[in-house]
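S.K.: Pasting in a structure now, in C-alpha cells, and then I'll have a few things to ask.
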Amino acid sequence: MTDPDRLSRRVYNACREVRGAVEVEKAATSAVRSAVPFDRWCVLMIDPATALPTGGFHEQGLPAERVPALASIEARGEDASALHALARGRSRTAVLSHQTNGQLRSSERYRDVLEPSGVAHELRTVFTSGRGGWGALIMFRDTGRPDFTAEEAALVEHATATVATSIRRELVLTEIDYNLDVERGPGLLLLSTDLERIEATAAADAWLAEIDDGVDARTALPYSIRTTAARAQDVGAGGRSRARMRTKTGHWITLHAEPLGADGTISVIIEPTRPLELAELIADAYGLTAREREVARLLAVGNSRSEIARELTISDHTVDDHVKRAFAKVGVQSRAELTAKMFFDHNVPRMHAGTPLIGTGWFAQ
C-alpha cells in the first residue's frame, strides 16, 4: 500500500511545478495515478458559489457524445455522489458502487452514461477549500476491471487535500486586468429547448471563444455553457442559473441563464465579472474569514490598529491576530503589499464610499 503522506507530498509538489488551474488538476491526476490506477479520467473546474462545472479537461474521459447527457445530470444535482453534495459533505470522495449500495443501475449517471460507454466503476473526488468546491477529478475503470476500494478512496482524499489551495493560488496569481475589454461589454446567447444555439451577439461569440473548456460536437458550445443553461431549464419557468469562470486570457466572466418564455428558449448573458463580486471572489480565494476581510478593508483605507479596534469593538491584540492571519494567507508582509495584492486600493474605498457602477459594471470614478 502506498504511503499516504508520501503520495500527498508528490501531489503537492506536482501541483507547484505547473501554471494554470486546469494544469494543476492534470498534474495532481498524474501523481495520483501512480498509486491508484484507472483507465479513463477527466477533471473539472467548479464555481464554488454554485457547484456548477465551469471548465476542465475531458479528452481522456468519456466519449464526447455522452458528455452532454452527463452535464445535464450533473446540473440537476440529484444523482448519487453529485458534485455539490460532495463539496458540502463530510467526505469529498466517493465510489459510485458504495454510494448506491452495489445497485449501480439505481444511478441515472451509470445507466445513461457510464454503462453505455463501457465504464463499470467510478471514483470521484472534489477539491474543496473554504466554503465550496473548486475542482474535481473523476476516475473510471472499464468493464472487466476491479472496482475502486474504500482504501483507494481514502488514499485519494488524503493525497489531494492541498489541490484546492493550489487551484486558488493559480486563480489569484495571474494578474486580473481591470481594463477588461470595456468596449465589448456583455454578450447574449439564445438557446433552444434542446440547448442548441439559436442566435448570439458578436460579444457573446468573443467570450465563448475564451472559455477554457471542452466543446460539445453537436452544438459547438462549451460544456460549461450547456451545464449552466440546463440548470436554469431544470428549475422551470422563471428560474435562473449563474456561474463564474476564468477565461483563457485570465479574466473572470459571469454567466446568467434563464428561460425567456413559454417556448422554452434560454437566454445566456455573458459579461465581465463586476468589481464587487470580483473583490469578494478574490478574498474568498485567499480564504479570508469575514472578520479578516473587514480588518483588511479598514487597513486599506488607512485606519490604524487602534482605530480598527474601536470600529469593530475588539481589542488591539485581536486586531493584530487578524492582521497576522490575513498577511499569512495572502502571502504578504505589509499593509501596502496586502492592499495592492487584494486590489482593495481600487475596489474597497469605492465600495465603502458607495461609488455607483456604470453600465459596463465598473466604478464611475
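S.K.: Give me Ile269, Ile138 ranked fewest to most by other Cβ atoms within 10 Å of their Cβ, as a rough exposure proxy.
M.R.: Working: Ile269 17, Ile138 24.
So the residues, fewest neighbours to most, are Ile269, Ile138.
S.K.: Further question on the same structure: What does the charge count around Glu74 come to, taking other residues whose C-beta lies under 13 Å from its C-beta (Lys +1, Arg +1, Asp -1, Glu -1)?
M.R.: Once positives and negatives cancel, what remains is -1.
S.K.: If you don't mind, another one. Using only the alpha-carbon atoms of region 4-173, report the extent along each of the three principal axes, biggest first, to the nearest angstrom.
M.R.: Principal-axis extents of region 4-173 (Cα, largest first): 42, 31, 30 Å.
S.K.: Separate question: Just from the alpha-carbon atoms, what are the Rg and Dmax of region 187-273 in angstroms?
M.R.: For region 187-273, the Cα radius of gyration and maximum Cα-Cα distance read 11.9, 37 Å.
S.K.: Return Phe327, Phe38, Phe127 ranked ascending by Cβ neighbour count within 10 Å, so the fewest neighbours appear first.
M.R.: Working: Phe327 18, Phe38 21, Phe127 27.
Placing the least packed residue first, the sequence is Phe327, Phe38, Phe127.
S.K.: Only sites in a loop by DSSP and with at most 15 other Cβ atoms within 10 Å count here; which trypsin sites (Lys or Arg not before Pro) in region 33-141 make the cut? Each step should come with its number before you reach the end.
M.R.: Working: sites: Arg33, Arg40, Arg66, Arg76, Arg88, Arg90, Arg92, Arg105, Arg109, Arg111, Arg124, Arg131, Arg141; in loops: Arg90, Arg92, Arg131.
Of the trypsin sites (Lys or Arg not before Pro), the ones in loops of region 33-141 whose Cβ has at most 15 other Cβ atoms within 10 Å are Arg90, Arg131.
S.K.: Treat the count of other C-beta atoms within 10 Å as a stand-in for reagent exposure and order Asp47, Asp316, Asp194 from fewest to most.
M.R.: Working: Asp47 23, Asp316 13, Asp194 10.
Lowest count first: Asp194, Asp316, Asp47.
S.K.: Between region 194-260 and region 44-120, how many Å separate their Cα centres?
M.R.: Taking the Cα centre of region 44-120 as reference, the centre of region 194-260 is 19 Å away.
S.K.: Note down the relative contact order for region 4-173 as a percent, whole number, built from C-alpha pairs under 8 angstrom at least six residues apart.
M.R.: Values: 302 pairs, mean separation 51.1, N = 170.
Value for region 4-173: 30 percent.
S.K.: Principal axis lengths of region 80-147 from Cα atoms, whole Å, largest first?
M.R.: Extents along the principal axes: 38, 19, 18 Å.
Every number here is computed from the coordinates shown, using simple stated rules; none is lab data. Here the structure is a predicted model, which means the values were calculated and not measured. Note: ideal-geometry Cβ built from the backbone for every residue, glycine included; neighbour counts use all protein chains shown.
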